[in-house]
Each structure stands twice: as structure tokens, then as C-alpha cells.
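One structure is given here, and the rest of the page talks about it.
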Amino acid sequence: MESMVERFVRYTSINTRSNEESTTIPSTQTQVDFATNVLVPDLKAIGLDEVIYNRENGFIIGTLHANTDEKAPSIGFIAHMDTADYNAENIKPRIVENYDGSDICLNEEHQIFTRRADFPNLKNYIGKSLVVTDGLTLLGGDDKAGICEIMEALAYLVAHPEIKHGRIMCAFGPDEEIGTGADHFDVKQFPVDYAYTIDGESLGQLEYETFNAAGGTVILKGVSVHTGTAKGIMINCAKLAMQFDALLPGAAVPEYTCGRQGFFMLMSMETQVDTGKMNYIIRDHDKELFEAKKAFFLQAGQTLNEIYGREVCEVSVKDQYYNMY
Ligand SMILES: [Zn+2]
């Protein structure tokens, strides 16, 4: 029989990267393939009573019937199958047995290391086995680990009918990393009293709240003219981008904040003289502070337009998810 680690390595080897630019649901065909060719057959092989794939929203819903007549609550477990927006082509998981606490060489040829200095929490895993990549791709343990944990727990319960339980359901969904998967989740298909998302950071950690999250977009509109006649006319989008970012509170960034402190994060920036685009994420646990941050972000755009006396930027924000607490 396949071990949990073997299952994890098999799942992480498969590209299920989501794509923010896509308009399809799920956002990528790789997720549909993974759901229908891998996860659905695997859930059936475990011996669940019902396994369905919902083509409308890309969710797989599995059910294990209660095995007791006594009144027991029904419980759901949720995980996401997509991986974050980094290279997922040709993923090569590798197991580091009995980790000794030193820097890990991921790729000899390209001299890529996971260093203790960058990841101090590696010291918590000395003596354990770690699954790593060759440094050229994401592993995608987020959230294939969650899927494996749920699968193995379900397999255990099927194999041990002496453990009495109420109805247990699982839901594996797409597009969590781009913040859209849960939008289409059909709660009616998942009738449970309690549900947990298995998508945590470290063993034993229970999270009961998240950020409120929004994406912010800034479209920059410059004026490109010959440098010899640019005085008083040229508006350079690279400069506009810097000006816009400088209007945001400089300490409210992920690298200077922790815990419940919110932030603005500049995710990407692309500029020519006459055009440009910046993508931000905006996060805050507190709903009021979240609304204030979005308003501040929009105001920064307005301020820049006022400074120039014309529309040099078009700023928009879009909510992504809310604090579950
Ligand atoms: Zn995740």
C-alpha cells in the first residue's frame, strides 16, 4: 500500500498552479485533470460512500456515512488543490531523511540552497524527514499536504470501523491561491455541523481568523515625448509608480509588520514612460481598518491626479476574502 509520504510526493509532482488572469472556473485545466483523474479515483479507492465532482465550481465532495445511530455531529474537512503563482512545471520532489539541521542544497548545478539563516524555523524539524524540490519550482505542499492529511484520515476511518463517528465530508477545491475558489463553493452540497480547513503552517496550529483581503490595481497613464522637448510635458510612469507607492504608509508592509497588523504589499510593477501597471495586495484582520486601508489606497490615486491636474492613474480595489472570525 502507498504510504502518506508516497501519496504526497505523487500529488506534489503534478502541476496544479492556478492562474489569476484566467476567466474559466477552475482557472486552469490542470486542476480539472488533477481532480477528475487523480483525486476522485483516489477517494473512491479509499472507499468513501459518495464522491462527486462538481463541474460548475471545480469542487470534489466526498462523504463517509455515519457508522453509529447515536447522535453525533457531522464534520467537514476542506483543502485546496491549486498551488501558488510560481513555476510548477516539472516538479521533482525529493526526500531529505533525518534532517541534520544544516543548510539544504536543493540544486547543486544552480547552487540553490534553503538556508537556516533565511528559514530559522528549520531547527524545529531536525531529525524529521523533509520533502523538498530541486529549487526550480514550488513544491506545492500548500495545500497538497492538507489533501493528503484528509485522505489518510479518511482511509484510517474506513479501515477502522470500530471508531464510531457521525457523517464526515471532505471538499477539495480549486483557485484558493487566487482568492476566487471559495466564491463558487456550494454550501448546500456540504451539509455539516462543523468544518475545518486543513491548510495550516505548523503541526498542531489552529487558526480561527484570517486577514480581510483585497487586491489593488493601479493603471498609470503617462505622457511620452522627445527628451529634447520634454520640459513641462513628459509624465514618466516609472516616476508615477514611485510617487504612488510613496503616498502609502511606508511601515505598513509585510516585512515590517506581524500579528494582527495590516499592510499594503506591492506585488508587481511594470512601467514604460507612457504606460504602467502596479498590483498590490491589501490586508487587515480588523474590518474597519481594512476598509480604511482600501479608502486610503484609492485616495492616494486621487491625490496623484490632483497633483498633476489630470488623470495620471486609475486606481481600483477588489475584495478577495474576509476574516472568517
Ligand atoms: Zn493554502
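The values are calculated or read from the model by the stated rules, or taken from the named source; none is laboratory data. Model, not experiment: these values are computed from the prediction. We place every Cβ from the backbone using ideal geometry, glycine too, and count neighbours over all the protein chains shown. Please note that ligands, DNA and RNA were not included when accessible areas were found on the heavy atoms of the full protein model with its side chains. Shrake-Rupley method; radii C 1.70, N 1.55, O 1.52, S 1.80 Å.
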Quick check, is Asp49 under 22 Å from Ala182 (Cβ atoms) and either open to solvent by 50 Å² or more (accessible area, probe 1.4 Å) or not assigned by TED's automatic domain parsing to the domain that holds Ala182 (or both)?
-> no
Which members of region 163-185 meet the condition of being away from the ligand (no atom under 15 Å from the Cβ), open to solvent by 50 Å² or more (accessible area, probe 1.4 Å) and not hydrophobic (A, V, I, L, M, F, W, C)?
-> Lys164, Arg167, Asp183, His184
Can you give me the number of residues within region 279-298 that are in a helix (DSSP H, G or I) and in contact (Cβ under 8 Å) with a residue 24 or more places away in the chain?
-> 7
Name the residue, out of Gly276, Gly301, that is farther than 15 Å from Asn212 by Cα, touching a helix residue (DSSP H, G or I) at 6+ places or on another chain (Cβ under 9 Å), assigned to a helix (DSSP H, G or I) and among the small types (Gly, Ala, Ser).
-> Gly301
Select from region 84-94 the residues that are within 16 Å of the ligand (Cβ to nearest atom) and open to solvent by 10 Å² or more (accessible area, probe 1.4 Å) and write down the one among them that is nearest to the chain's Cα centre (by Cα).
-> Ala84
Glu209 within 16 Å of the ligand (Cβ to nearest atom) and either buried (at least 19 other Cβ atoms within 10 Å of the Cβ) or over 30 Å from Met1 (Cα atoms) (or both) | yes
Inter-residue pairs, beta-carbon under 9 Å, first under 13 Å from Tyr53 (Cα atoms) and in region 162-189, second among the aliphatic types (A, V, I, L, M) and part of a loop (DSSP other than H, G, I, E, B), 6+ apart | Cys170/Leu48; Phe172/Met81; Gly173/Met81; Pro174/Ile25; Pro174/Met81
Name the residues in region 119-136 that are assigned to a loop (DSSP other than H, G, I, E, B) and among the polar types (S, T, N, Q), would you?
-> Ser129, Thr133
Examine region 222-236 for a residue that is under 23 Å from the mean Cα position of the chain (by Cα), assigned by TED's automatic domain parsing to the domain that holds Tyr308 and either surrounded by 14 or more Cβ atoms within 10 Å (Cβ to Cβ) or free of Cβ contacts under 8 Å to residues at least 12 places away in the same chain (or both), and state whether such a residue exists.
-> no
With respect to Asp100, is the statement that it is touching a residue at least 12 places away in the same chain (Cβ under 8 Å), over 21 Å from Thr137 (Cα atoms) and not polar (S, T, N, Q) true?
-> yes
When region 33-43 is checked residue by residue, the ones that are without any contact (Cβ under 8 Å) to a residue 60 or more places away in the chain and either open to solvent by 10 Å² or more (accessible area, probe 1.4 Å) or acidic (Asp, Glu) (or both) are Asp33, Thr36, Asn37, Val38, Val40, Pro41
Looking at region 122-148, which of the residues that are touching a Gly at 6+ places or on another chain (Cβ under 8 Å) and free of Cβ contacts under 8 Å to residues at least 60 places away in the same chain is farthest from the ligand (Cβ to nearest atom)?
-> Ile126
Kindly indicate whether any position in region 54-74 is modelled with pLDDT of 95 or more and touching a Ser or Thr at 6+ places or on another chain (Cβ under 6 Å).
-> no
Report yes if some residue within region 215-227 is under 30 Å from Gly58 (Cβ atoms) and hydroxyl-bearing (Ser, Thr, Tyr); otherwise report no.
-> yes
Which is in the same structural domain as Glu20 (by TED's automatic domain parsing) and under 25 Å from Ser3 (Cα atoms), of Leu138, Leu106?
-> Leu138
Residues of region 246-260 that turn out to be closer than 13 Å to Tyr280 by Cα and open to solvent by 60 Å² or more (accessible area, probe 1.4 Å), as a count = 0
Filter region 57-78 down to the residues that are open to solvent by 20 Å² or more (accessible area, probe 1.4 Å) and closer than 14 Å to Ala171 by Cα, then identify the one that is nearest to the chain's Cα centre (by Cα).
-> Ile78
